[in-house]
Amino acid sequence: MSLFTDVYDVIVVGGGHAGSEASAAAANMGSKTLLVTMSLQNIAQMSCNPAMGGIAKGQIVREIDALGGYSGIVTDETAIQFKMLNKSKGPAMWSPRAQSDRMRFAEKWRNMLEKTDNLDCYQDMIKGLVVEDNKIVGVKTGLGFVIKSKTVIITAGTFLNGLIHIGEKTFGGGRAGESASIGITEDLVKLGFESGRMKTGTPPRVDARSLDFSKMIEQPGDDKPEKFSYSKSTSTLKKQRSCYLTYTSPEVHDLLREGFDRSPMFNGRIKSTGPRYCPSIEDKIDRFFSKDKHQIFVEPEGWDTNEIYVNGFSTSLPEEVQDKALRKVAGFENVKFLRFGYAIEYDFFPPTQLKHTLETKLVENLFFAGQINGTTGYEEAAAQGLMAGLNAALKVQQKAPFILKRHEAYIGVLIDDLITKGTEEPYRMFTSRAEYRTLLRQDNADLRLTPKAFRLGMVSKERLDRVEEKQKKTDLFVAFLRNTSVSHLDVNPVLEHKKSAPINQSMKMFKLAARPQLSFVDVRKFPKVQHFIDNNAIDDEIIEQTEIHVKYAGYIDKEKRNADKLTRLENVSIPESFDYDKVKSLSIEARQKLMKIKPVTISQASRISGVSPSDISVLLVYMGR
């Protein structure tokens, strides 16, 4: 049965962060797109913490925005607090984070999607896939409809055969109050896909009116908050809501241990792997038994709600254990629960079954994005959704795919890690995963990616012009500092005040500005600098760019050289039909891994676990390089 007579270019299955970005990207690329979700009221729901960004994740949100995605704009429009993390470290580590109004976040996403041309939305469950000759041609819905499409993107989050655990209770669901999705996994396994199970969890939500914040440590936002989006359509926060910090104690830990025998994590009912870097409170107590306290961040869920997210207390322990233990945390003595914490198990598909475009290797025109690929986090999901949406649209339009390399974006690192190395536990991004993180800073995502987005048609000429002006003025300021000398008589008072060695002759400003003791507040005191800034309309963003380029020039240049070496290997393609059995000098492990992953370049092959440098040398010789 079908009331859907049209053939869509792109169908997106699931309306979470991946599905929302995928739908917007495909539609904005001109593709006739359908978003199918089980609940239109829960589009882009913040199922876990009400926040976007954080270490490495903030860089990803900036990259999504630079590419024309919506996450940065939605975050700015619905933020209640902004912080730039790691400011005490170098700029490669600076990471923006915003606390969000959870209800307004989902509402803003839906409003933006409803205003997006070429995009239809439909509420139903997808029960199966229609595949002909190893090519996806449509989907089957729970109501019995068959909807035809040239491409399909599956972004099912935690809903694929989702199973919720609270103490000794277990029931099906993709999220609290919502049913699981049944049928897609079964169809994919029949088609030959390998599947697995993963686990995540969420903490209790409590009533702010029942807490004593005077016993906690206030965590305000930045004095001068920034924003995520490079678009002029958003602005920085004029007021903010504080979060709070408190701690567990040995007494809390002992009370939690009393429920371990009924914990699904410890009694064998949960067999899947949870996130290493966001463990449950019971997992933290078990693994880090020598620690007598753990941080609890008390986060408001919005401007006008009493709901509080208890960050750091994710748990699937029985309800009475959660209640008894949380009451012993400072400030929570009279706590009232709105929702108890729970764990959820769900199906995922090892991402080594994908190409760099996020299209599956087994079924043509079928794409996966988000937690189905073994990732965790809104930002990682949104990034994959964006890239899948772009590439599905490009596939329909018979254009070259859009692939970001490791030295171009954290998004490139994310996808390359997934498809090359795979993951056996929920994958989250860290700055340490990026070998070129000095190049991939949060402040230059627009310089790196907006020109690419403009060529795709994802951003306006006005946004490109602003990026080009930013680059031009930064280059101009750097050149001014390189080429302008300053007298020792003029700068020594500044140097002595900052306890930096004085000079005895004129010196180029660039060399002085690179000194770690001096900030650009000090540099502006040099003769002619403020005059140059005023005459060339240099704003704070350009000053920050210039300061980073001056102080970290050596690191930036070194990473650029390393990236150039990588590019040379990226340019050595491996044919899809390459027969590794003919290369007798390869190790057995390397041959098996290469045949499974099917890398498209020598560079990708070199990053596969089990493929040694000598194996790469053998391949290069065999290929006549």
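The values are calculated or read from the model by the stated rules, or taken from the named source; none is laboratory data. This is a predicted model, so every value here is computed, not measured. We place every Cβ from the backbone using ideal geometry, glycine too, and count neighbours over all the protein chains shown. We work out accessible area using only protein heavy atoms, side chains counted, and drop any ligands, DNA or RNA first. Shrake-Rupley method; radii C 1.70, N 1.55, O 1.52, S 1.80 Å.
A search for C-beta distances below 8 Å between a residue of region 489-500 that is hydrophobic (A, V, I, L, M, F, W, C) and any residue that is assigned to a helix (DSSP H, G or I), counting only pairs 6+ apart in sequence or on different chains, returns V491/L512; V494/D522; L495/L512. The condition of being surrounded by 11 or more Cβ atoms within 10 Å (Cβ to Cβ), in contact with a helix residue (DSSP H, G or I) (Cβ under 9 Å, 6 or more places away or on another chain) and either more than 21 Å from K87 (Cβ to Cβ) or small (G, A, S) (or both) does not hold for V550. Look at region 510-537: where a residue is acidic (D, E) and a partner is assigned to a helix (DSSP H, G or I), sitting 6+ places away or on another chain with Cβ atoms under 9 Å, you get D522/V494; D522/L495; D522/H497; D522/A513. Which residues, taken from region 568-603, are among the β-branched types (V, I, T) and either surrounded by 14 or more Cβ atoms within 10 Å (Cβ to Cβ) or touching a helix residue (DSSP H, G or I) at 6+ places or on another chain (Cβ under 7 Å) (or both)? Within region 568-603, V572, I574, V583, I597, V600, T601, I602 qualify.
Provide a single number: the residues in region 268-292 that are in a loop (DSSP other than H, G, I, E, B) and farther than 22 Å from S432 by Cβ. Result for region 268-292: 10. When restricted to residues that are in contact with a Ser or Thr (Cβ under 9 Å, 6 or more places away or on another chain) and among the polar types (S, T, N, Q), region 434-443 contains 1. Hey, could you check region 245-283 for residues that are surrounded by 19 or more Cβ atoms within 10 Å (Cβ to Cβ) and closer than 24 Å to F213 by Cβ and say which is nearest to the chain's Cα centre (by Cα)? Among residues in region 245-283 that are surrounded by 19 or more Cβ atoms within 10 Å (Cβ to Cβ) and closer than 24 Å to F213 by Cβ, the one nearest to the chain's Cα centre (by Cα) is I281.
The residues of region 384-430 that are in contact with a helix residue (DSSP H, G or I) (Cβ under 6 Å, 6 or more places away or on another chain), open to solvent by 10 Å² or more (accessible area, probe 1.4 Å) and under 19 Å from Y277 (Cα atoms) amount to a single one, G422. Here P91 fits the description: in contact (Cβ under 8 Å) with a residue 60 or more places away in the chain, more than 15 Å from the chain's Cα centre (by Cα) and closer than 20 Å to I411 by Cα. Do we have any residue at all in region 526-546 that's in contact with a strand residue (DSSP E or B) (Cβ under 9 Å, 6 or more places away or on another chain) and of a type in the set (F, W, Y)? So far as region 526-546 goes, yes, one or more of its residues are in contact with a strand residue (DSSP E or B) (Cβ under 9 Å, 6 or more places away or on another chain) and of a type in the set (F, W, Y). Close contacts from region 266-285, counting a first residue that is at negative phi and a second that is crowded, with 20+ Cβ neighbours inside 10 Å and among the acidic types (D, E), with Cβ to Cβ under 6 Å and a gap of 6+ residues or different chains, come to S272/E345. Only one of R62, R102 is touching a helix residue (DSSP H, G or I) at 6+ places or on another chain (Cβ under 6 Å) and modelled with pLDDT of 95 or more; which? Within the list R62, R102, the selection yields R62. If only residues of region 1-41 that are aliphatic (A, V, I, L, M) and open to solvent by 20 Å² or more (accessible area, probe 1.4 Å) are counted, the one that is farthest from the chain's Cα centre (by Cα) is M1. Residues of region 351-383 that are open to solvent by 10 Å² or more (accessible area, probe 1.4 Å), over 16 Å from E424 (Cβ atoms) and polar (S, T, N, Q): T357, N365. Just the residues that are part of a helix (DSSP H, G or I) and charged (D, E, K, R), please, taken from region 68-96. Correct list: D76, E77.
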